[in-house]
Amino acid sequence: QVQLVESGGGLVQAGGSLRLSCLASGRTFSYYAMGWFRQAPGKEREFVAAIAWSGTSTYYADSVKGRFTISRDNAKLTVYLQMNSLKPEDTAVYYCAADRTTQKIRSGESDYWGQGTQVTVSS
């Protein structure tokens, strides 16, 4: 069982930066792939980024490539999402997800999800 708690959301102006964190419980965190999704009002939840358990492989949605960076610190049981050059269209609730593979993460069918953290980008 893995429990996930996101933090770091907030209000930022366009062009600004935020770093989201996702703290996981459980001793097996280092064996899980991790990812981030987001859901804007009136839209479906969409994939943002994923990282393998080792941290050696990362994946990004085209809409965030070059602006967002996913990373993890297995010793701290934490995965991060550094978001730079933020745009109003990045406004959404951001969710952390965990599962055994990045493929499962990217499918959107992860077994474990956090409660979400709100990110609002003003123009």
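The values are calculated or read from the model by the stated rules, or taken from the named source; none is laboratory data. Since we're looking at a predicted model, the values are computed, not measured. Don't worry about glycine lacking a Cβ; one is built from the backbone with ideal geometry, like all the others, and counts go over all protein chains shown. Please note that ligands, DNA and RNA were not included when accessible areas were found on the heavy atoms of the full protein model with its side chains. Shrake-Rupley method; radii C 1.70, N 1.55, O 1.52, S 1.80 Å.
Relative contact order for the chain using alpha-carbon pairs under 8 Å, separation at least 6, rounded to a whole percent?
About 36 percent, as a whole number.
Report the FRET efficiency, 1/(1 + (r/R0)^6), for T120 and Q1, where r is their Cβ-Cβ distance and R0 is 25 Å, rounded to 0.05.
0.20
Identify all lysines with a Cα-Cα distance to K87 below 21 Å; exclude those on the same chain that are fewer than 8 residues away in sequence.
The qualifying lysines are K43, K65.
Just to verify a number: FRET efficiency for L11 and K43, C-beta to C-beta distance, R0 = 22 Å, to 0.05?
Approximately 0.65, to the nearest 0.05.
So which aspartates and glutamates pass the test for K76, namely a Cα distance under 15 Å, with those fewer than 8 places away in the same chain ruled out?
E6
Kindly give Rg over Rh for the chain, based on alpha-carbon atoms, with the Kirkwood expression for the hydrodynamic radius.
Dividing the radius of gyration by the Kirkwood radius yields 0.94.
Determine, at each q value in 0.26 (inverse angstroms), the log₁₀ of I(q)/I(0) that the Debye formula gives when each Cα of the range 52-91 is one equal point scatterer.
Taken in order of the listed q values, log10 I(q)/I(0) reads -0.92.
Could you report the chain's accessible area per residue, 1.4 Å probe, as an integer in Å²?
Normalised by residue count, the accessible surface of the chain is 52 Å².
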